[in-house]
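The values are calculated or read from the model by the stated rules, or taken from the named source; none is laboratory data. Bear in mind the structure is a predicted one, so any value in this text is a computation, not a measurement. Cβ sites come from the backbone with ideal geometry, for glycine too, and all protein chains shown count toward neighbours. We work out accessible area using only protein heavy atoms, side chains counted, and drop any ligands, DNA or RNA first. Shrake-Rupley method; radii C 1.70, N 1.55, O 1.52, S 1.80 Å.
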Amino acid sequence: MSQAVLTVDLAALVANWRALDAMGAAETAACVKADGYGLGAAKVARALGDAGCQTFFVAIAQEGAALRAALGPGPMIGVFGGHMAGDTALIKEGDLTPMLNSPDQVKRHFGALPDQAFGVQLDTGMNRLGMEADEWGEMRNSLPATPALVMSHLACADEPNHRMNTAQLNAFREMTDGETTRLSLAATGGTLLGADYHFDLTRPGIGIYGGAPYSAGKAAVHLALPVIQIRDVAVGETVGYGNIWTAKRPSRIATVSGGYADGLIRAVGRSAHLYADGVSCPLVGRVSMDLITV
């Protein structure tokens with residue numbers, strides 16, 4: 001067979017979620033945006049739901065509507081992008097919980113769906129999504145209803161000793177002082193930082209799928225690429241487009257079925273390694289459309 005095979009290990013994925021859940025007393029949600037990090041949001045979320053996960057997060061309302069169709073009623077589905085223009089019907093019909101990011105979104109949400117659950121996202125220094133301190137100070141006491149969740153997001157949690165972590169933690173505490181609703185600051189990296197960052201709910205994403213910074217996680221995805229041809233290359237010979245790799249010693253080169261048409265982006269370059277029976281085989285030359293050489 002000359003086609004690559006991607007295997008998704010749902011048991012490993014569930015084990016990662018359970019391990020992250022065991023790190024503290026907070027509820028552990030799951031991020032399944034971008035179609036479950038490319039692995040199929042419906043299958044991933046159903047497996048996690050069977051394991052006990054009751055709160056999920058997606059990026060946009062369209063993802064939330066598809067997830068609700070897969071999960072049915074019950075679990076909370078939070079939408080990081082909030083309540084955008086055109087989202088009202090999706091939010092209502094999918095019983096989604098938008099994380100409102102600005103005064104404009106607050107106005108839109110309560111003008112269209114005053115009885116629909118919502119959350120609030122705060123910007124504690126990442127400058128990506130969420131209300132800044134002055135906006136939140138003006139809105140906080142005038143909200144027509146109580147948010148289901150108040151959250152923020154850490155910019156540098158992958159680096160445990162980065163000063164930004166403490167700065168954002170302090171900012172979040174200050175912005176939510178006296179808040180009685182549920183609070184959430186930690187994704188995967190924040191979960192690993194410890195209990196101070198957990199609050200009421202953690203929402204790991206990449207760690208569930210076995211990715212960094214959760215180094216103890218099990219691999220949830222395995223990619224098998226068949227070898228089409230093997231050749232011996234002499235010193236001074238080049239491999240691939242542009243002659244960018246030259247053999248400095250006699251080398252055995254395998255041509256493997258897979259390339260940028262399969263998502264193996266050209267930018268991977270010479271930093272990538274494949275493995276044959278546990279032996280590291282560095283990529284040489286450029287990534288082609290449907291072939292790579294190692």
Quick check on the chain: helices-only [θ] at 222 nm, where DSSP H runs of length 4 and up contribute -39,500 (n - 2.57) each and the sum goes over total residues. Nearest 500, please.
-8000 deg cm²/dmol
Prolate/oblate/rounded label for segment 49-91 (Cα gyration tensor, a/c 1.5)
prolate
Expected vector for segment 226-233, Karplus 3J(HN,Hα) from phi with 6.51, -1.76, 1.60 and θ = phi - 60°, integer Hz, x for Gly and Pro, equals x, 7, 8, 7, 10, 9, 9, 10
On the accessible surface of segment 225-294, probed at 1.4 Å, how many percent belong to carbon and sulfur atoms?
53 percent
Can you tally the net charge around VAL150? Count Lys and Arg as +1, Asp and Glu as -1, for every other residue whose Cβ sits under 11 Å from the Cβ of VAL150.
0
On a 0 to 90 degree scale, rounded to 10, what angle separates helix 163-175 from the longest Cα axis of the chain?
20 degrees
For segment 69-148, which whole-number percentage of the solvent-accessible area (1.4 Å probe, protein heavy atoms only) is attributable to carbon and sulfur atoms?
50 percent
Scoring only Lys, Arg, Asp and Glu (+1, +1, -1, -1) among other residues with Cβ under 14 Å from the Cβ of GLU237 yields +3
How far apart, in nanometres, would the label points at ASP158 and SER2 be if each is projected 7 angstrom from Cα along the Cα-to-Cβ direction?
3.6 nm
Under a 1.4 Å probe, what is the accessible area of segment 22-162 per residue, stated in Å²?
45 Å²
What list of ³J(HN,Hα) values in whole Hz, one per residue of segment 197-202 in order, does the Karplus curve 6.51 cos²θ - 1.76 cosθ + 1.60 (θ = phi - 60°) give from phi, with Gly and Pro shown as x?
9, 7, 6, 8, 8, 9
Going out from 0 in 10 Å bins, what whole percent of all Cα-Cα distances in segment 10-154 drops into each bin?
12, 40, 34, 13, 1
At 7 Å along Cα-to-Cβ for each site, give me the label-to-label distance between ALA276 and ASP115 in nm.
6.6 nm
Inverse of mean 1/r across different Cα pairs in the chain, Kirkwood, Å:
21.3 Å
Tally the DSSP beta bridges in the chain and give the antiparallel ones as a percent, rounded to 5.
55 percent
Enter the angle in degrees (range 0 to 90, nearest 10) between the Cα long axis of helix 10-21 and the first principal axis of the Cα atoms of the chain, meaning the one along which they spread out most.
50 degrees
Would you count, across the chain, every pair of lysines whose alpha carbons are under 21 angstrom apart, provided the pair is eight or more residues apart or spans two chains?
5
Given the convex hull of the Cα atoms of segment 161-246, what is a quarter of its surface area in nm²?
10.7 nm²
Report Rg(Cα)/(2.2 N^0.38 Å) for segment 204-294, keeping two decimals.
1.22
Amide H to amide H, which residues 5 or more places from LEU122 or on other chains are under 5 Å from it, using H placed in the peptide plane?
MET131, MET151, SER152
Heavy-atom accessible area per residue - segment 185-294, 1.4 Å, Å²:
55 Å²
